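Report on the following structure.
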Amino acid sequence: MEAFTYRLPQEMLAHAKPGSRVVVQFGLAKIYTGVILSLIAEPVEGLSIKSVLALLDEEPVLNSYQLQFLERIAGYYLANRGDVLQAALPAGLKLSSGTVLYAEEVFDPSKVIITPTEDLLFHKLRKSPLTYAEACKWLKKNDISQVVKALVRQGAIRLQEELEDKYSPALEQWIYFNSEYQDPDAIEALIEALAKKPRQQDMVLWMMSQLRGQWQEGIMKSQLKEAGLSSSALDKLKEQEVLVQKSKVRSRVADYSGPILPLPELKPSQQLVLDQIQEGFSHQKTVLLHGVTGSGKTEIYMHLISKALDAGMQVLYLLPEIALSTQITLRLQQRFGTYLGVYHSRFSDNERVELYHGLQAGRFDLVVGVRSSVFLPFERLGLIIIDEEHDSSYKQQDPAPRYHGRDAALMLANLHGAKVLLGSATPSAESLLLCKTGKWLKVNLLERYNDRPLPDLVFSHLGLDRREGRLEFEFGAALTEAIRSNLEKKQQTILFHNRRGYAHWLQCQHCQHIPTCKNCAVSLTYHQQINLLRCHYCGYRTTPPASCPVCMHQDFRTVGYGTEQLDEHLQVLFPQAKIRRMDTDTTRGKHAIRQILEHLNSGETDILIGTQMVSKGLDVANVTLVGVINADRLLFFPDFRAQEHTFQTLMQVCGRAGRADLPGRVIVQTFDPEHEVYQALHKGDVEAFMDEQLSERKEFGYPPYTRLLRITIKHKDKETCKSCAHILARDLAIHPGLVLLGPEEPPIARLKNKYLQDILIKIKREEKGLHELKWQLYQACRKVQQQQGYRTAEIIFDVDPV
């Protein structure tokens, strides 16, 4: 978590500021990009300080708010500043250091013995240097480390670290008349001179028709090609210096060019809620809007955004999923036009850099994005809207910092003095408790837009369907008939199943062997469409075995089902239906989500089956049926929040049905329809259910009544991992006021070739000096890592795990 001290050369002093990027040497040879955190006038005594090699920015890339925010995130989540900085800056603003191979000019290969491969590489490098990756590609080898070491040892080549700028602006080529031909007389003379060169004359005449006397203006080169004009004629006119070609930087962030619509008119119930929120902001910084699905929360958000923008403020609109940002973007663009910028990982590195710079330049005052948007360079942030605030997708899992987007946004608002509006149909237990204790204001919107009724909710007993032979594949009688009826009525259906792939695993029918990942303690998921077994944790993939490696029999069967298999079975049951899937496998492309949603909105999709992506945000008038394939897979999970998460997910997915004039219906398939969570869902009383959850958590000492810190120890050797965890638990147990659970193996005991041990620490909510306590725990962990035998162990902190 420490920072490093470097000396600024005299020529950089006038321009260097906190937040500017610098190039520094780290160790003997490595070159890194760093960020100035602070400037100190007095030299540090007793230290040999290296000098900064280069100052990269005339103006800082991080403003003062961002620097303070990074410090708070690093401190609260026990993360290294460097890890936080990695999360904060778009990849295009991070210069990378790469190894470049150079041939030594004085080396004579005839005087030493080198292999043919070494000789081949040396002579290639004599022509031009190569990066390590380029040399691998040229030699058609994945690893050339031995070749490189041998050549270095012989003095044939040298290695040098060089910085690579990842961001490159998009350039367009424009064609202009040279200054000598920018008046009518010169142009007329030129046309006469080109009388015997018809192709060149055609190009000049066409450009004249486009420019209409604005001779200093240019024409995009691509337009010449579209007009069918000769490229050789263009080359000749450039050679004669009649035309000149210039590069212009083109923004990758496209401006909205559609119509700007007025703000939607609010219904009386919405207007009342808007007035309550604005009144609440006069004495509270944070307001929670509890609005049922389809109640029109987004329209209220738009009015609040408009008021903030009119007041000269910036607005951050946070969403938990990229899929949600795709849906909301068009609605916001139609109201706020070019004020709007969108930020998430589906955009390229270059696109994210340009939005980052656009925000700094004042081009965007409204940003819609996922959790990483909290790190953007806001200067006038006045309002943060956190939609679906309960969603666990706001929590970053890997890599560090493992921050929660909602909680980080609250920290950011505190720095800026901004107001925060959190919205959800199923608020989290933590948020409801904060409202009950008076720290936040809670506002309710418990009616659907235009008083539309909530969908009818039916629980279908999978056990009965199975016993009575009414189960068709994974679909009970009620759901099958409802889908068929919907197809006949030309209405659409959404089916929810939170498991992608074709099957959970393959299993030998003779000896019960299950193929597992070579790197992780998990079975491999079968993907039939690409005929691969894949690990969803490390990415390992292999083809299904032709025969069992244990008993050599050739009798594998699939176990369990994912969205891919459900898609196949639906095609069998409803061959005329137009069926699409929405999961990680089908939404990898940049525009894949948008295309799937366009097909759904236009009615080109009859049945959409998907994972959690389909459970929230979809607002399609013709969707009248929602089916949950097996709700129990959400419920029976070893997590104290399992019931809360199940209730929230099911409530959200139910809200996709009947959002317009047509009534909606929801069928939830389960083996236990009488379970308390399902009964609470049927009643629809969110507060009563959450009160019960809060009561249980208070009794057993779980959040929000305590704070949790999970420490995970990783090591390639199982016994080393276990002993390190036990020593760490012993050292941590001496701290008063802590309750330690573990160490123990997590449900998945090995990931990416490393064994895992977890220690869960409960800290009393009222514990004073929390920052100091966490720092002591951090120091205790680092002390264990310094012991002989444990220096290669990884110790990972997860503050407030979800």
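For this structure, a couple of remarks:
- Within segment 240-273, considering residues that are surrounded by 14 or more Cβ atoms within 10 Å (Cβ to Cβ), aliphatic (A, V, I, L, M) and touching an Asp or Glu at 6+ places or on another chain (Cβ under 9 Å), the one modelled with the highest pLDDT: LEU266
- If you filter segment 329-365 down to residues that are at pLDDT below 85 and part of a helix (DSSP H, G or I), you find that the one that is least open to solvent (accessible area, probe 1.4 Å) is ASN350.
- Any hit, segment 114-126, residues being basic (Lys, Arg), without any contact (Cβ under 8 Å) to a residue 24 or more places away in the chain, within 26 Å of GLN25 (Cα to Cα) and out of contact with any helix residue (DSSP H, G or I) (no Cβ under 6 Å at 6 or more places or on another chain): no
- Residue selection: TYR561 fails the criterion of being under 25 Å from the mean Cα position of the chain (by Cα), surrounded by 19 or more Cβ atoms within 10 Å (Cβ to Cβ) and hydroxyl-bearing (Ser, Thr, Tyr).
- Long-range neighbours under 8 Å by Cβ, at least six apart or interchain, first residue touching a residue at least 40 places away in the same chain (Cβ under 8 Å) and within 30 Å of ASP451 (Cα to Cα) within segment 244-270, second open to solvent by 50 Å² or more (accessible area, probe 1.4 Å) and part of a loop (DSSP other than H, G, I, E, B): SER269/GLU447
- Residue match in segment 657-669 (condition: free of Cβ contacts under 8 Å to residues at least 40 places away in the same chain and part of a loop (DSSP other than H, G, I, E, B)): no
- Applying a threshold of 7 Å to beta carbon distances and a minimum spacing of six or more residues, or different chains, the list of pairs starting in segment 775-788 at a residue that is open to solvent by 90 Å² or more (accessible area, probe 1.4 Å) and ending at one that is of a type outside the set (Lys, Arg) is empty.
- Pairs are defined by a Cβ separation below 8 Å, a sequence spacing of at least 6 or placement on different chains, a first member in segment 584-600 that is without any contact (Cβ under 8 Å) to a residue 12 or more places away in the chain, and a second member that is assigned to a loop (DSSP other than H, G, I, E, B) and surrounded by 14 or more Cβ atoms within 10 Å (Cβ to Cβ); the pairs so defined are ALA592/THR586.
- Within segment 577-623, restricting attention to residues that are in contact with a Ser or Thr (Cβ under 8 Å, 6 or more places away or on another chain) and of a type in the set (S, T, N, Q), the residue that is farthest from THR426 (Cα to Cα) is THR584.
- Selection within segment 705-730 - open to solvent by 40 Å² or more (accessible area, probe 1.4 Å) and either farther than 29 Å from CYS517 by Cβ or part of a helix (DSSP H, G or I) (or both): TYR705, ARG707, LYS718, GLU719, LYS722, SER723, HIS726, ARG730
- Listed by first and then second residue, the pairs with beta-carbon distance under 7 Å, at least 6 apart or on different chains, first residue in segment 210-222 and within 13 Å of TRP174 (Cβ to Cβ), second part of a loop (DSSP other than H, G, I, E, B) and open to solvent by 90 Å² or more (accessible area, probe 1.4 Å), are LEU211/GLU217.
- Applying the condition of being free of Cβ contacts under 8 Å to residues at least 40 places away in the same chain and either under 13 Å from GLU564 (Cα atoms) or of a type in the set (Gly, Ala, Ser) (or both) to segment 516-528 and asking which residue is least open to solvent (accessible area, probe 1.4 Å) yields THR525.
- From the list GLY617, GLY603, the lone residue that is in a loop (DSSP other than H, G, I, E, B), on the phi > 0 side of the Ramachandran plot and crowded, with 20+ Cβ neighbours inside 10 Å is GLY617.
- Qualifying residue in segment 222-239 (condition: part of a strand (DSSP E or B) and among the basic types (Lys, Arg)): no
- Qualifying residue in segment 1-23 (condition: within 30 Å of LYS774 (Cα to Cα), of a type in the set (D, E, K, R) and either open to solvent by 40 Å² or more (accessible area, probe 1.4 Å) or in a helix (DSSP H, G or I) (or both)): yes
- Any pair with Cβ under 9 angstrom, 6 or more apart, that starts in segment 324-346 at a residue that is under 9 Å from TYR256 (Cα atoms) and ends at one that is open to solvent by 40 Å² or more (accessible area, probe 1.4 Å) and in a helix (DSSP H, G or I): LEU340/GLN333
- Unique residue being open to solvent by 10 Å² or more (accessible area, probe 1.4 Å) and closer than 29 Å to LEU464 by Cβ when the list is ASP639, ASP661: ASP639
- Residue within segment 96-105 that is modelled with pLDDT of 90 or more and under 28 Å from the mean Cα position of the chain (by Cα) present: no
- Count of residues meeting criterion [in a loop (DSSP other than H, G, I, E, B), crowded, with 17+ Cβ neighbours inside 10 Å and in contact with a Lys or Arg (Cβ under 8 Å, 6 or more places away or on another chain)] in segment 789-798: 1
- Test: residue in segment 167-190 that is in a loop (DSSP other than H, G, I, E, B) and free of Cβ contacts under 8 Å to residues at least 24 places away in the same chain: no
- A single entry from LEU120, LEU151, LEU159 fulfils the requirement of being assigned to a strand (DSSP E or B) and on the phi < 0 side of the Ramachandran plot: LEU159.
- Qualifying residue in segment 674-694 (condition: closer than 25 Å to PRO638 by Cα and in a strand (DSSP E or B)): no
- Residue ID - modelled with the highest pLDDT, chosen from residues in segment 147-185 that are under 21 Å from HIS123 (Cα atoms), of a type in the set (A, V, I, L, M) and open to solvent by 60 Å² or more (accessible area, probe 1.4 Å): VAL152
- Residues considered: ALA133, ALA54, ALA74, ALA88. Of these, the only one that is loosely packed, with under 13 Cβ neighbours inside 10 Å and small (Gly, Ala, Ser) is ALA133.
- Residue within segment 573-583 that is under 27 Å from the mean Cα position of the chain (by Cα), closer than 20 Å to ARG534 by Cα and without any contact (Cβ under 8 Å) to a residue 40 or more places away in the chain present: yes
- Per-region count, segment 540-570, residues of a type outside the set (A, V, I, L, M, F, W, C) and part of a helix (DSSP H, G or I): 6
- Here LEU324, LEU319, LEU289 are screened, and the one residue that is open to solvent by 10 Å² or more (accessible area, probe 1.4 Å), under 18 Å from ARG406 (Cβ atoms) and of a type outside the set (Ser, Thr, Tyr) is LEU324.
The values are calculated or read from the model by the stated rules, or taken from the named source; none is laboratory data. Every value quoted in this text rests on a predicted model; they were computed, and no experiment measured them. Every residue, glycine among them, receives a Cβ derived from its backbone with ideal geometry; neighbour counts consider all protein chains shown. All accessible areas refer to the heavy atoms of the entire protein, side chains included, with ligands and DNA or RNA removed. Shrake-Rupley method; radii C 1.70, N 1.55, O 1.52, S 1.80 Å.
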